[in-house]
Amino acid sequence: MDRDLVVAARGGDREAYADLVRTRGDRLFGIAQRILRDVDRTEDAVQDALVIAWRDLPGLRDPDRFDAWLHRLLVRSCITEAKRERRLAANVRILPMDIPAATDDFLSVADRDQLDRGFRRLPPEQRALLVLRHFAGLEPTEIAEVLGVPAGTVRSRLHHAHRAMRAALDADARSTTITGATA
Amino acid sequence: MTRERDIERVLDTWLAEGAMEMPDRLYVAVLDRVERQPQRLSARLQLRFSQMRPAIRIAAVAAVLLLTLGVGAAVVGGAFDSDAPGPTPAPSPAVSPSPAASPSESASADLPDELAHIWIGGERPAPALGMTLPVLHTLTFDPELGFARYVGVQLDLGPSIMASEPSVPSDGRLRLTIAGADATCQAGDVGDYDYRLSDGGMTMSLTLVSDACQARGEVFAGTFTRSSCKNPADYCLGEVLAGSYVSTFLDARTAPGGPVRNRGAYGQLRYTVPDGWANSEDWPDSHALEPADVVASNPASGDRETWHGIYVHSRTGAAIQDEECTDAEQPGGPRTLDGLTAYLQGLPGLEASDPVELTIGGYRATMTDIAIAADWTQTCPDAVGGHPVVPLFHEAGTDQGWGWGIGWPGNTERQRVILVEIAPENVLHIGLDDTSSPSRFDELVEAAMPIVESFEFPD
């Protein structure tokens, strides 16, 4: 039972903690990879979050909140890592694209390209919010616990993030050139 | 990509693509670091650690705060907390059993949002759980887990108990149905309680109507204060409405070197705040009250990007003054009110006002305003940018306790140091601290002093 593992790990049992890491590693990696969109930074963020979690676990008062707490640590690590990203000086020239209309359930290569560029332009906090909602499948109340903000705030921020993503995509669709692919 | 596209569906689809597995090398790297990384005795992050190491550092306290839901194993195996008596046969409290019902029968309404919190119920005995001495009672109404549950802070005993599915069959009536049998209750046991919330929902009263599970009836009935702590590792109250509150964990009375009450020292600090304040920390050695907007702007982890509030620390000693900023109490350093007040006056690098004598909660105290002297350049190894720092205090009687100092990039920090003589060698530190500007410090003092003057330290 995971709760028993959390209690044991909280008491200093490294084997128990290793079991917790094994059962959660893929999910954590998936979340971080989508927020950061860079393998090296993803590995750094996941590693930092898991080591910090081990270090600070004795103070987690309610073991049933372990997952929400761990997600919070991961998101913090990702945001820290994202803010470390070096802004690229290179100009990236994007050729004008006449994007064919895609069906709702099909993403073309061009769609993915646009999505990736639009997503990278969002601040890391908004990226994290979108990943928690659309990849991790967390409800706003769950995201609220992860981020430590009220659920209403999460809904509002999600709305803004969706709007920002839409705007980013629209802007990208209008542009023929962007300068400095930044994150 | 067009505006018309359903952005949510697109994101669902797009984000589902990509790597889903954590590489083996990463597991190995993590476990290797874990092998070499000791655990902190407390999960509190070392505040200001990234800004200036030991100067202002709230570090680990004596022992782990172990909170669990478990008691079933204890009832079976008799392994109770060492502070508490061993298990005794459970007497029957004044509880009227009601027939058991299935969870589906009982669920007629969702848990109201205003109940979905952690609730602190103070310390009282729980004979049905074998606890004849007072123990801290907390309840969690967790909408994610779908449960109401009892968290026995002093009990660290295994699997959850009394996990109950909540419903509201009628206005003001809370029905709790045991989801799975444990050592205290049978699956399907139904308990009915009348609940009442104060204006603003800070206080909840649960009155037992009937409960098939005697133990639950005993621990759930009572009056509870809402805990909405931003830091999920802490059970502080979070933002509070105007009114009087008490601390749950701050142990102000245990003298240096004594056995700190790590699992709850309910009510050792009482204070009154106006609207707009939050209790942002509650640990055995520290308690923080900050304006709610300051708490909102800082990370939830307990790290702070700005300091602006009232920071209380128990068992004050003098910090070592050396170039390494060794994070420890001065060997043989002062621990008395007079000794610590004089120490502050003589600290190199500080501009300190003349100390003012006052009384806080009936106890003798001194008050000194401090800033770093304009010509002071000594720093600490971890101070970002090498800004000037003066270590001030460290928890007395332990090398693992809190630390406190002054020093902020740009030398914008001001502090009011209030030392309260709880006992001849047990001094409480109350720091009014602002890191942003002298004018903000003045605003803080004006707002915070009435709160500090309301402090009481009940026996």
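Bear in mind that the values in this text are calculations on the coordinates, not laboratory data. Small disclaimer: the values here were computed from a predicted structure and weren't measured. Glycine gets a Cβ as well: all are built from the backbone with ideal geometry, and neighbour counts include every protein chain shown.
Some values worked out for this structure:
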read-out: Per-residue Cβ neighbour rank within 10 angstrom, fewest leading, B:His429, A:His160; value: A:His160, B:His429
read-out: Pairwise label distance in nanometres, B:Asp338 with B:Asp459, each label 7 Å out on the Cα-Cβ vector; value: 2.6 nm
read-out: Residue exposure sequence - B:Val427, B:Val246, A:Val75, B:Val445 - by fewest surrounding Cβ within 10 Å; value: B:Val445, B:Val246, A:Val75, B:Val427
read-out: Dipole magnitude of the range B:187-261 about its Cα centre (Cβ charges: Lys, Arg +1; Asp, Glu -1), debye to nearest 20; value: 320 debye
read-out: Cα convex hull of the range B:336-449 - mean projected area over all directions, nm²; value: 7.5 nm²
read-out: Order of A:Asp62, B:Asp234, A:Asp13, B:Asp369 under a 10 Å beta carbon neighbour criterion, fewest first; value: A:Asp13, B:Asp369, A:Asp62, B:Asp234
read-out: Note, ³J(HN,Hα) from phi for the range B:356-372, Karplus 6.51, -1.76, 1.60, rounded to Hz, x at Gly and Pro; value: 10, 7, 8, 10, 10, x, x, 9, 5, 8, 10, 9, 9, 8, 9, 8, 7
read-out: Phi-based couplings in Hz for the range B:321-335 (Karplus 6.51, -1.76, 1.60; Gly and Pro marked x); value: 10, 8, 5, 7, 6, 3, 8, 7, 6, 4, x, x, x, x, 10
read-out: Calculated FRET value between B:Thr132 and A:Arg112, using beta carbons and R₀ = 51 Å, to 0.05; value: 0.20
read-out: ³J(HN,Hα) computed for each position of the range A:143-155 - Karplus, 6.51 cos²θ - 1.76 cosθ + 1.60, integer Hz, glycine/proline x; value: 4, 4, 5, 5, 8, x, 10, x, 4, x, 5, 4, 4
read-out: Nonlocal amide H pairs with B:Ala187, under 5 Å, H built at 1.01 Å; value: B:Ala181, B:Asp182
read-out: Linear extension gain, A:Asp40 paired with A:Arg155, 0.36 nm per residue minus alpha-carbon span; value: 38.3 nm
read-out: For the range B:234-321, with +1 on Lys and Arg beta carbons and -1 on Asp and Glu, the positive-most of B:Phe249, B:Tyr311, B:Ala292 along the dipole; value: B:Phe249
read-out: Distant-in-sequence amide H partners of B:Gln330 (H built 1.01 Å from N, under 5 Å); value: B:Ala318, B:Ala319, B:Ile320
read-out: Modelled FRET efficiency - R0 35 Å, B:Arg270 with B:Asp24, Cβ distances, 0.05 increments; value: 0.05
read-out: Rounded FRET efficiency, nearest 0.05, which uses the C-beta distance separating B:Glu114 from B:Arg440 and R0 of 45 Å; value: 0.85
read-out: Residues whose placed amide H lies under 5 Å from that of B:Gln415, excluding near-sequence neighbours; value: B:Ile370
